[in-house]
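Visitor: Take this structure, written in structure tokens, and hold onto it; I'll ask about it next.
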Amino acid sequence: MPISEALIAEGFEVYGVDASATMIEAFLRRFPEAHAQSASVEDSDFFRRTFDGVVASGLMFLLPAGIQALLIHKVAAVLNPTGRFLFTSPQESCTWYDALTGRDSISLGSHVYGQILNAQGFTVVGERFDEGRNHYFFTLKS
């Protein structure tokens, strides 16, 4: 929500995708001017248009490794030239049980993400941690 709120406040048109219809309903109640779809990210209709930027916060590591690579490929295909892609995932390669989803979460780690991103025409222009130790990958489509 904070990312969408900041983008909307700056005048950006925001599209949101979540597999949970409940989450989409809450999102649209908060941001009625946004576009939103309840779908798995790999099946979203939003990949039929183009974007200047894509944000995947708290999503990537919830997906199986192959779907993470597919998502990066799909994002590369819909970004305009010099588009930006921001996502979060632990810096190190690891797997853990996510109590919130009841599933294993997977981080491919910075090195593997870098390889996948480079193969899709992205350059990692930065990596940051916030005060909660969340790790951010900042990329630019080259």
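The values are calculated or read from the model by the stated rules, or taken from the named source; none is laboratory data. Everything numeric in this text was worked out from a predicted model, so none of it was measured. Virtual Cβ from ideal backbone geometry, glycine too; neighbours counted across all protein chains shown.
Visitor: Filter the range 92-107 for residues that are of a type outside the set (Ser, Thr, Tyr) and either under 22 Å from Ser4 (Cα atoms) or surrounded by fewer than 14 Cβ atoms within 10 Å (Cβ to Cβ) (or both) and give the result.
Guide: Answer for the range 92-107, where residues must be of a type outside the set (Ser, Thr, Tyr) and either under 22 Å from Ser4 (Cα atoms) or surrounded by fewer than 14 Cβ atoms within 10 Å (Cβ to Cβ) (or both): Glu92, Cys94, Trp96, Asp98, Ala99, Leu100, Gly102, Arg103, Asp104.
Visitor: Using beta carbons and a limit of 9 Å, which pairs, at least six apart or on different chains, have the first residue in the range 55-80 and at positive phi and the second one of a type in the set (Val, Ile, Thr)?
Guide: Gly58/Thr88
Visitor: From Ser107, Ser93, grab the single residue that is in contact with a Cys (Cβ under 8 Å, 6 or more places away or on another chain), at pLDDT 95 or above and not assigned by TED's automatic domain parsing to the domain that holds Pro2.
Guide: Going through Ser107, Ser93 in turn, the sole match is Ser107.
Visitor: Here are Ser89, Ser110: which of them is buried (at least 16 other Cβ atoms within 10 Å of the Cβ), among the hydroxyl-bearing types (Ser, Thr, Tyr) and within 21 Å of Ser4 (Cβ to Cβ)?
Guide: Ser89
Visitor: In the range 43-66, what residues are of a type outside the set (Gly, Ala, Ser) and surrounded by 15 or more Cβ atoms within 10 Å (Cβ to Cβ)?
Guide: Phe46, Phe47, Phe51, Val54, Val55, Leu59, Met60, Phe61, Leu62, Leu63
Visitor: So for the range 119-127 (the condition being within 15 Å of Val41 (Cβ to Cβ) and over 14 Å from the mean Cα position of the chain (by Cα)), does at least one residue qualify?
Guide: No: the range 119-127 contains no residue that is within 15 Å of Val41 (Cβ to Cβ) and over 14 Å from the mean Cα position of the chain (by Cα).
Visitor: Let me ask you something else. Can you tell me which residues in the range 58-106 are of a type in the set (A, V, I, L, M, F, W, C) and within 13 Å of Gln120 (Cα to Cα)?
Guide: Passing the criteria: Ala69, Leu70, Leu71, Ile72, Val75, Ala76, Ala77, Val78, Leu79, Phe85.
Visitor: Taking the criterion of being over 21 Å from Ile106 (Cβ atoms), of a type outside the set (Asp, Glu) and assigned by TED's automatic domain parsing to the domain that holds Asn134, would at least one residue in the range 56-66 satisfy it?
Guide: Scanning the range 56-66, I find no residue that is over 21 Å from Ile106 (Cβ atoms), of a type outside the set (Asp, Glu) and assigned by TED's automatic domain parsing to the domain that holds Asn134, so the answer is no.
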